[in-house]
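**Q** One structure follows; several queries about it will come next.
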């Protein structure tokens with residue numbers, strides 16, 4: 001080895017990359033794209049569903065994390081607050097959470113993470129299949145409850161215009 005050359009750091013073979021995970025998702029016949037803003041692997045099949053704001057997978061140092069964000073009607077917050085506990089109880093994989101900000105629509109977050117160290121494609125495929133089946137069942141429950149924000153009529157009103 002030459003004096004001026006430094007040894008290149010070797011990639012730990014137990015670490016997975018975003019490119020590998022993207023290829024694994026595509027091997028499951030799901031379309032994906034990588035967002036430049038969040039570095040997430042987006043799933044258009046879910047982002048095309050009514051009320052879904054974002055569906056993405058993040059590959060982090062120690063985990064592979066799925067996050068689905070669903071816009072909710074304002075009137076749905078109170079009934080969902082009580083239902084979230086039961087959704088979490090009934091779901092074996094995902095965590096369901098409500099989030100609200102003063103200047104945005106309420107959202108339901110559905111997430112799950114799997115450790116990425118030593119994760120194989122076969123394990124990932126099994127995880128993804130089970131995860132998407134459970135998310136699909138939750139989404140159908142939300143549709144039945146009629147809590148999704150489906151159109152602009154449910155958007156936050158312009159309070160300033162109402163005052164004048």
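**Q** Could you work out the mean projected area of the convex hull around the alpha carbons of the range 48-120, in square nanometres to one decimal?
**A** 6.2
**Q** Same structure again: Based only on Cα atoms, what mean projected area does the convex hull of the range 86-141 have, in nm²?
**A** Over every viewing direction, the Cα hull of the range 86-141 projects on average to 5.0 nm².
**Q** With a cut-off of 8 Å between alpha carbons and a minimum separation of six or more residues, what is the relative contact order of the range 20-164 in percent?
**A** Contact order relative to length: 22 percent.
**Q** Please report 140, 95 as a ranked list, fewest other C-beta atoms within 10 angstrom at the top and most at the bottom.
**A** Values: 140 10, 95 13.
Ranking 140, 95 by Cβ neighbours within 10 Å, fewest first, gives 140, 95.
**Q** Of all alpha-carbon pairs in the range 18-150, indicate the percentage at a distance above 18 angstrom.
**A** 54
**Q** In addition: Quick check on packing: order 77-87, 107-117, 37-47 by the mean number of other C-beta atoms within 10 Å, highest mean leading.
**A** On the way: 77-87: 13.4, 107-117: 17.9, 37-47: 15.9.
The packing order, highest mean first, is 107-117, 37-47, 77-87.
**Q** Which order results if 139, 33 are arranged by neighbouring Cβ count within 10 Å, fewest first?
**A** By the 10 Å Cβ count, ascending, the order reads 33, 139.
**Q** How much space per residue, in cubic angstrom, does the convex hull of the C-alpha atoms of the range 73-114 take up?
**A** Value for the range 73-114: 63 Å³ per residue.
The numbers here are math on the coordinates, done by the rules we state, and not lab data. All values derive from a computational prediction rather than experimental measurement. Please note: Cβ atoms are built from the backbone with ideal geometry, for glycine as well, and neighbour counts cover all protein chains shown.
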